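Remarks on the structure that follows.
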Amino acid sequence: MATPYTPIKYATFFWLLLALFGMFAGLQLSRSALFIPGVLLAFFSFVSAGRMVTRLIRIAAMEQVLLSDSRSELFNEFRQSSLAQQILTLLVAVAEVDGEAGQQERGLIRQFLLERFSDPAIQRQLNTWNHGAIPASQLGPLVHKLRLQLSSPECETVFFWCCLIALIDRKFDTREHEILQLVAKHLGMPPYHARRIFHHAKHRIMLEEESSNDRFGRQQSRPQARSRESRAFEILGLSEGASKDEVRARHRELVKKYHPDAHSHLGPIAAQEATERFQEVQEAYEILTA
């Protein structure tokens, strides 16, 4: 992350490299007829290198203080906000990873949450929340704090929402992949489980797109449909060809994650979305064990 000290740090590092080169050149000269000039060059270069190292350490310490102050202010603001406001901040951070979100995109994200939180008090909080996006370098600890307020199924739902936001523009690049990995990690989700939820979100976006096309009578060229078995393995987060014992074990594991009261913080729509994901899991299990 760039700071006001970054240019000074790069210049100091450049002079350190020159000093090291001078030390090397002086040692080479000291082995020839130019012994005294070589020793002097090596000595002064050594002293200069020591000063540059000391300066770099000092710059690093000042940068740390600066970043700590900034991080502390961000944490305090994040800590004092409501759960819905924290989720809104996270979704904006995911949306902005590939470029700053405009007012229209932020408005769509806000509306996305307003549809899921029907409580008037929470809706007022969301409508008045104008927090700036969190830098990706500071996102992890804040997501971890969010995790402490949620049950495991609720963490899954928040990650599902992040995936929907990342996929909503039908584009997905490396930066979005990296930030989703970071969010999943700090929500305590294993990689295979995060991939499974990502594919649920991707499938949801595809179904909505197909429904929209059918409603308006549009026809689009679509990629060749995957087999039901391939899709079922994907839903369960298993490699194609996994044994039936592996399928049963994964199914038992996923069933434990769902409970009617597991989304008390996120409302009825979140519970409904989780139920839909569970139904997909159940259908995939039946396909692979038939």
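Some points to look at:
- Whichever lysines have a C-alpha closer than 27 Å to that of K185, once near sequence neighbours (fewer than 8 apart) are set aside: K145, K171, K202, K256, K257
- Separation of alpha-carbon centers, region 174-209 and region 150-170, rounded to whole Å: 7 Å
- L90, L207, L187, L34 arranged by Cβ crowding within 10 Å, fewest neighbours leading: L207, L34, L187, L90
- Footprinting exposure proxy for S243, S30 (fewest neighbouring C-beta atoms within 10 Å first): S243, S30
- Exposure proxy for D173, D98: other Cβ atoms within 10 Å of each Cβ, ordered fewest to most, give D173, D98.
- For region 42-47, 3J(HN,Hα) computed residue by residue from phi via the Karplus equation (6.51, -1.76, 1.60; θ = phi - 60°) reads 5, 5, 5, 5, 4, 4 Hz, glycine and proline entered as x.
- Derived scalar couplings ³J(HN,Hα) [region 6-16; Karplus, 6.51 cos²θ - 1.76 cosθ + 1.60; whole Hz; x for Gly, Pro]: 4, x, 5, 5, 5, 5, 5, 5, 4, 5, 5
Values quoted throughout were computed directly from the atomic coordinates according to the rules given, and no laboratory measurement underlies them. Keep in mind that this is a model prediction, so the values were computed, not measured. Glycine gets a Cβ as well: all are built from the backbone with ideal geometry, and neighbour counts include every protein chain shown.
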